[in-house]
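What follows is one structure encoded as structure tokens, with my remarks underneath.
The values are calculated or read from the model by the stated rules, or taken from the named source; none is laboratory data. Keep in mind that what you see is a predicted model, and the values were worked out from it rather than measured. Don't worry about glycine lacking a Cβ; one is built from the backbone with ideal geometry, like all the others, and counts go over all protein chains shown. Just the protein is used for accessible areas: all its heavy atoms, side chains included, with ligands, DNA and RNA removed. Shrake-Rupley method; radii C 1.70, N 1.55, O 1.52, S 1.80 Å.
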Amino acid sequence: MFGTTKAFSGFSVNDIDAARKFYGETLGIRVSEQNGMLTLHIAGDRDILVYPKPDHTPATYTILNFPVDDVEAAVDELSGRGVRFERYDHLKADDKGIFRGGGPLIAWFTDPAGNVLSVLQEPS
């Protein structure tokens, strides 16, 4: 039934203006706005809806993963743009915030609404 439809995902934020600035300027994603909602136009022709929700509660899991060729370079560039990387007690990260404990190298950060995102480098 849905094998040929173009599905998309979405998530909420508590401040559309802050989200537009963060996703568009800080992360460099093409963003459009219509009816008070944002659409993130990410690579692979996959759009993501970002909608306002006054009683927004941040997701407790990673909502978007951005694969990169070099996680250290991505962390350095994002840090230079003011992004702070998260550290979790149960996952030991290095000084830059990169978790190297198995699987892909990964670093987590949040958007202005507190939703969790990551940059990750797949093993070569």
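Annotations for the structure displayed:
- Answer from Leu27, Leu64 - the residue that is within 14 Å of Gly114 (Cβ to Cβ) and either at pLDDT below 95 or among the aliphatic types (A, V, I, L, M) (or both): Leu64
- Among the residues of the stretch 35-56, those that are within 16 Å of Ala18 (Cβ to Cβ) and open to solvent by 40 Å² or more (accessible area, probe 1.4 Å) comprise Met37, Tyr51, Pro52, Lys53, Pro54.
- From the options Ser12, Ser32, Ser79, residue that is open to solvent by 50 Å² or more (accessible area, probe 1.4 Å) and either small (Gly, Ala, Ser) or within 16 Å of the chain's Cα centre (by Cα) (or both): Ser79
- Near pairs, Cβ below 8 angstrom, 6+ apart or cross-chain, from the stretch 51-72 (closer than 21 Å to Leu27 by Cα) to any residue that is part of a loop (DSSP other than H, G, I, E, B) and open to solvent by 80 Å² or more (accessible area, probe 1.4 Å): Pro52/Asn14; Pro67/Glu122
- Test: Ala107 is free of Cβ contacts under 8 Å to residues at least 40 places away in the same chain, among the aliphatic types (A, V, I, L, M) and closer than 22 Å to Lys21 by Cβ: yes
- Of all residue pairs spaced 6 or more apart or on separate chains, those with beta-carbon atoms under 8 Å, a first member in the stretch 24-45 that is touching a residue at least 40 places away in the same chain (Cβ under 8 Å) and within 23 Å of Leu78 (Cβ to Cβ) and a second member that is part of a loop (DSSP other than H, G, I, E, B) and open to solvent by 40 Å² or more (accessible area, probe 1.4 Å) are Thr26/Arg81; Thr26/Gly82.
- Residue that is most open to solvent (accessible area, probe 1.4 Å), among those in the stretch 57-73 that are polar (S, T, N, Q) and assigned to a strand (DSSP E or B): Asn65
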